[in-house]
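All remarks here apply to the structure that follows.
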Amino acid sequence: MILRLVLLFLLIPAPLFAGALPPGQKASVAAVVRAVTPGVVNIATKRIESVEVPAAVDPVLQEFFDIPNARLKRETTSAGSGVIVDAERGLILTNEHVVRDASVIEVTTKDDRRFRAQLIGRDKATDVAVLRIRGSNLSAVPMGDSRALEVGDFVLAVGNPFGLGQTVTSGIVSAMGRTGLGIEGYEDFIQTDASINPGNSGGALVTLDGRLVGLNTAIFSKSGASHGIGFAIPIDMARRIMTQLVETGEVRRGQIGVSIRAPLGGRPGAEIVAIEPSSPAALAGLAKGDVIAAVDGRTISSPAQLRTLLAILPAGTEIEVRFRRGDAAMQARLRDRGGAPEGCGNGPRPHALTGLRPI
């Protein structure tokens, strides 16, 4: 009898630990990483900087040692990241600050091929730049729809932190539509807690289906290391800027001819406080006091959001504007015009938060 009980116990399958997956299965994003990482590149730049000779500031020492009254030039290097978005044309999206003032731009792919990159165009106000490399068998990361992102969605950040080489981190979307940070002229950031560090600039923020939804660009940190608050440029903004840079080499921003502010009482939208005569807004029938609520179906929650949306629309774009006039809901169609980068003129930019920095 005892022998039977022992044998019965040995034949009973051992219970799994609570929450454990069946043997042979594991939770992993390795397949997504394998698909995405060939399209994320490392970017190395060289810059020529002019520096003052310390002794040259003292005329006595300058004369005694026969030091010329001139500034010396030195070469500096830096590292960042980029994303191949068009393999056939070799187009790469990155941050403008990664390639700013660079005399040489070198791109290294996942398979260790190196290319001298051509700068197609850059836009400092949105911190977007487009490069081109010429090579075969390139891999692109497919672009997704950043407007479909929700707080809580899982994302992966891929880049070249501290110049160590390609690195993948994970997290979630922490917030959407972050503005007023003072990093860039036009802001509509995706906030994520995926670990982002210096060198990740221009790298990919992707969803778990391998779609590019953002370019990692800045972190909030007082020490310089990642504190779980990172910001990425939405791919919808970057794509619009890229289209103009590829077609014309520059960005011509839309302008409708209004000055705006936040509506009183904390209501959403952008209230018109002044309107230019004969401007697109005036010709379409908008007036002082109207509150713009949506543009082309996109809800406007703040003046900064409207300013950014208009800034990434090419000049001459026809748009539909929905607005409130008192208690009445109204709409109008207008064609924006080209204008200065300050777009719809909603006042000065706020100061940057302490510890907020590009990466």
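Close amide H pairs (under 5 Å, H built 1.01 Å from N) link SER78 with THR45, residues at least 5 positions away or on another chain. Amide H contacts of MET143: LEU212, each under 5 Å away and 5 or more positions distant or on a separate chain (H built 1.01 Å from N in the peptide plane; Pro and chain starts excluded). Coupling constants for the range 117-126 follow from the phi torsions by the Karplus curve (6.51 cos²θ - 1.76 cosθ + 1.60, θ = phi - 60°), and in residue order they are 9, 9, 7, 7, x, 8, 9, 5, 5, 10 Hz; glycine and proline get x.
Peptides 113-119, 325-331 ordered by packing proxy, namely the average of other Cβ atoms within 10 Å per residue, highest first: 113-119, 325-331. Between the amide H of SER302 and those of GLY269, distances stay under 5 Å, these residues lying 5 or more places away or on another chain, with hydrogens modeled in the peptide plane.
At the listed q of 0.08, 0.09, 0.15 Å⁻¹, the Debye profile of the range 139-289, built from one uniform point per Cα, gives log10 I(q)/I(0) equal to -0.30, -0.38, -0.87. Couplings 3J(HN,Hα) for the range 142-158, derived from phi with the Karplus relation 6.51 cos²θ - 1.76 cosθ + 1.60 (θ = phi - 60°), are x, 7, x, 10, 5, 5, 8, 5, 10, 4, x, 5, 6, 9, 10, 10, 10 Hz, where x marks Gly and Pro. Each 5 Å bin, from zero up to the one with the longest distance, holds this percent of the alpha carbon pairs of the range 73-140: 4, 17, 31, 24, 15, 7, 2, 1.
Could you put LYS110, LYS124 in order of accessible surface area, largest first, with the 1.4 Å probe and the full protein assembly present? Write out the running numbers ahead of the final one.
Working: LYS110 105, LYS124 135 Å².
Solvent-accessible surface, decreasing: LYS124, LYS110.
Excluding ALA274 itself, calculate the net charge of residues whose Cβ lies under 10 Å from the Cβ of ALA274, where each Lys or Arg counts +1 and each Asp or Glu counts -1. Surrounding charge for ALA274 is +1. Surface exposure of the range 212-324, expressed per residue as accessible area with a 1.4 Å probe, stands at 38 Å².
The values are calculated or read from the model by the stated rules, or taken from the named source; none is laboratory data. All values derive from a computational prediction rather than experimental measurement. No Cβ is skipped: glycine too gets one built from the backbone with ideal geometry, and neighbour counts run over all protein chains shown. Each accessible area value is taken on the protein alone, full model and side chains, heavy atoms only, with ligands, DNA and RNA left out. Shrake-Rupley method; radii C 1.70, N 1.55, O 1.52, S 1.80 Å.
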